[in-house]
Ligand SMILES: [Mg+2]
């Protein structure tokens, strides 16, 4: 055993649409991406505590032929710029899944496939853990969909549902399916406050 192997760290995984930025369906124009109030400060709080924060997002636009991967990257560039401008905040890593199976609506042959990266599968979390030495059993996933909570549980993470985006519709039973989050938070800022408590970092 390699004694020099650094101990792995917890992470906070954060969904994009409806958690960081205002849910607006498929965003075809970069300038239509807007942060939810308070999220930049919430990410900054994680940064200040040196807690690894990582975006994990299903982005099936390329598979649906709505726009190319370069557009998803441009949206992420704007997201990062807004976080930086508002609170000097940054994400430590960003993962997204551009793939979608044909039965689910994938039409662009390059991206129309079953992928272990598509939530609620755990591929993005496993890749992040492998590449950044993260301890998934000590990590948190913050999302606004049942599939975010499902992915968290599939990977052994703590699953937090926020009430922004689709969160309230999930809780009322109007959207997706029933899920049992480990914690329900008003928004990302409230989720981060709870996470800091759990990690003993107040
Ligand atoms: Mg979402």
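Here are a few things to note about the model shown:
- Residues satisfying the stated conditions in the stretch 177-187, i.e. without any contact (Cβ under 8 Å) to a residue 60 or more places away in the chain and buried (at least 16 other Cβ atoms within 10 Å of the Cβ): 179, 181, 182, 183, 184, 185
- Selection status of residue 121, within 16 Å of the ligand (Cβ to nearest atom) and more than 25 Å from residue 32 (Cα to Cα): yes
- Of all residues in the stretch 124-150, those being outside any strand (DSSP E or B), in contact with a helix residue (DSSP H, G or I) (Cβ under 7 Å, 6 or more places away or on another chain) and within 16 Å of the ligand (Cβ to nearest atom) number 4.
- The stretch 59-81: number of residues that are in contact with a helix residue (DSSP H, G or I) (Cβ under 8 Å, 6 or more places away or on another chain) and either part of a strand (DSSP E or B) or within 16 Å of the ligand (Cβ to nearest atom) (or both): 4
- Positions within the stretch 153-171 being more than 11 Å from the ligand (Cβ to nearest atom), in contact with a helix residue (DSSP H, G or I) (Cβ under 8 Å, 6 or more places away or on another chain) and not in a strand (DSSP E or B), in sequence order: 155, 156, 157, 163
- The set of residues in the stretch 20-54 that are part of a loop (DSSP other than H, G, I, E, B) and either away from the ligand (no atom under 16 Å from the Cβ) or within 16 Å of residue 73 (Cα to Cα) (or both) comprises 20, 26, 27, 28, 29, 33, 34, 37, 38, 49, 50, 51.
Read the figures in this text as sums done on the coordinates, not as results from a lab. Everything numeric here is computed off the predicted structure, so don't read it as measured data. Positions of Cβ are generated from backbone atoms using ideal geometry, with glycine treated the same way; all protein chains shown enter the neighbour counts.
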